[in-house]
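K.L.:
Right, I'll just put the structure down here and ask away after.
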Amino acid sequence: MLHVHMNKAAQDSNDIQFTRFKFSTKRNETWDIQTKATYVEESIIYDEDGDLVIKKKNDDCDVIGIYHRMSTSLNLVGLQLWRGSLLMCDYAIHNAEMFRDKNILELGAGVGLTGILLGQYAASILCTDFNDGVIEMCKKNMQNNHRFFNSNSSFSCQKLDWFKWHKEELQALCPNGTDIIIACDCIYSDSLTDALFKTIYCLLKHCSSMGKMEAYLPLEKRLNFTLDDLEVTCHEYDYFRKCLDALAAKNLNVEIVEIDCLPQYFEYDRVQQLELWRIKCI
Ligand SMILES: C[S@@+](CC[C@H](N)C(=O)[O-])C[C@H]1O[C@@H](n2cnc3c(N)ncnc32)[C@H](O)[C@@H]1O
């Protein structure tokens with residue numbers, strides 16, 4: 001069994017959970033570079049009668065409510081919510097202008113938190129996944145949080161299996177072209193990584209709206225002690241890095257995004273193993 005990586009006690013339960021993910025985008029927050037935490041300064045203001053009002057800590061918080069599971073078998077990992085998606089949400093809030101009016105395609109979207117958060121900025125969001133149960137849960141979460149999608153934008157969720165597509169099918173997904181691809185925490189098996197990279201490569205080469213598409217891959221390195229190596233290794237991550245090198249050799253720009261100074265807008269454990277990679281057409 002795999003366990004969800006959130007600030008919520010892990011429970012061995014097949015039950016669907018409902019979690020309210022609080023976040024704040026308001027500027028009365030201060031990012032403390034020492035503690036790497038965001039704190040909200042209490043501000044003192046006066047109402048129209050001149051009475052003192054102390055603004056409470058959570059006054060400016062918004063909430064995305066998400067149905068998900070805390071633990072699952074491997075084929076249903078998308079029903080859990082992974083830290084890579086929370087890192088992507090932080091990055092998107094902090095760089096909102098980069099996502100504004102963009103056509104965004106999410107691969108391996110899981111329960112849809114990142115797509116919903118991006119709905120505030122994007123022209124369109126298409127969340128995709130391969131598992132029917134995951135897609136249903138994602139649709140339900142998108143509908144419940146429809147207030148995040150701006151009225152002119154389009155948002156939907158549909159099936160896309162990285163092992164089963166044709167170039168024309170990928171092109172048909174976004175008739176106006178795709179500007180940004182995201183795939184959060186999708187690196188955990190070499191064969192999946194191969195299929196994911198082939199999908200991203202085809203999208204970057206053939207489905208860009210203006211030849212300027214970029215892909216974001218946030219992930220958490222999962223370290224294991226193996227008897228074969230007699231040391232702590234991260235084989236899937238090493239393989240991922242080889243795939244990135246192969247893309248760079250095909251004349252794509254591959255870079256790690258600096259996240260040390262990225263403020264944390266969501267509450268979760270920003271562990272050191274979290275990384276964010278960007279791939280761009282040159
Ligand atoms: C670890 S989960 C991450 C889910 C979500 N992005 C998050 O960060 O919470 C990996 C995701 O990849 C999806 N996935 C696995 N194999 C896939 C395939 N062959 N095609 C498309 N999606 C796949 C899973 O269903 C799952 O949603």
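K.L.:
What is the distance, in nm, between label points placed 7 Å from the Cα along the Cα-to-Cβ direction at Arg100 and at Ser73?
P.N.:
In this crude spin-label approximation the distance works out to 4.7 nm.
K.L.:
When only the heavy atoms of the protein chains count and the probe is 1.4 Å, how do Lys242, Lys22 rank by accessible area, highest first? Let's see the in-between values first.
P.N.:
On the way: Lys242 140, Lys22 80 Å².
Of Lys242, Lys22, the descending order of accessible area is Lys242, Lys22.
K.L.:
Assuming R0 = 25 Å, what is the FRET efficiency of Asp62 and Leu223, from their Cβ-Cβ distance, to the nearest 0.05? If you can, show how the numbers build up before the last one.
P.N.:
Numbers: r = 34 Å, r/R0 = 1.35.
In this case the efficiency is close to 0.15.
K.L.:
For the stretch 59-175, which whole-number percentage of the solvent-accessible area (1.4 Å probe, protein heavy atoms only) is attributable to carbon and sulfur atoms?
P.N.:
Numbers: 2240 of 4590 Å².
Whole-percent figure for carbon plus sulfur exposure: 49.
K.L.:
Counting heavy atoms of the protein chains only and a 1.4 Å probe, report the per residue accessible area for the stretch 54-146 as a whole number of Å². Working shown, then result.
P.N.:
On the way: 3080 Å² over 93 residues.
Using a 1.4 Å probe on heavy atoms only, each residue of the stretch 54-146 averages 33 Å².
K.L.:
Measure off 7 Å from each Cα along the Cα-to-Cβ vector at Lys205 and Glu258, then give the distance between these two points in nanometres to one decimal.
P.N.:
Going from the Lys205 label point to the Glu258 one covers 3.3 nm.
K.L.:
Over the stretch 166-282, average the accessible area per residue using a 1.4 Å probe and give it in Å², no decimals.
P.N.:
51
K.L.:
Can you grab the distance from the C-alpha centre of the stretch 85-128 to the C-alpha centre of the stretch 151-190, Å, no decimals?
P.N.:
12
K.L.:
Let me ask another. Expected output is a single nm value to one decimal: the length gained when fully extending between Cys281 and Asp194, i.e. 0.36 nm times separation in residues minus the C-alpha distance. What is it? Working shown, then result.
P.N.:
Working: separation 87, 0.36 × 87 = 31.32 nm, distance 1.90 nm.
Here the segment from Cys281 to Asp194 would lengthen by 29.4 nm.
K.L.:
Here's another thing I want to ask about it. Do the alpha carbons of any pairs in Lys212/Lys250; Lys140/Lys242; Lys198/Lys242; Lys167/Lys250 sit beyond 25 Å of each other, and which pairs? Mind dumping the intermediate values first?
P.N.:
Values: Lys212/Lys250 16 Å; Lys140/Lys242 37 Å; Lys198/Lys242 14 Å; Lys167/Lys250 18 Å.
Table pairs above 25 Å Cα-Cα are Lys140/Lys242.
The values are calculated or read from the model by the stated rules, or taken from the named source; none is laboratory data. The shown structure was predicted, so the numbers you read here are calculated from the model rather than taken from an experiment. Please note: Cβ atoms are built from the backbone with ideal geometry, for glycine as well, and neighbour counts cover all protein chains shown. What goes into the accessible areas is simple: the full protein's heavy atoms, side chains included, and nothing from ligands, DNA or RNA. Shrake-Rupley method; radii C 1.70, N 1.55, O 1.52, S 1.80 Å.
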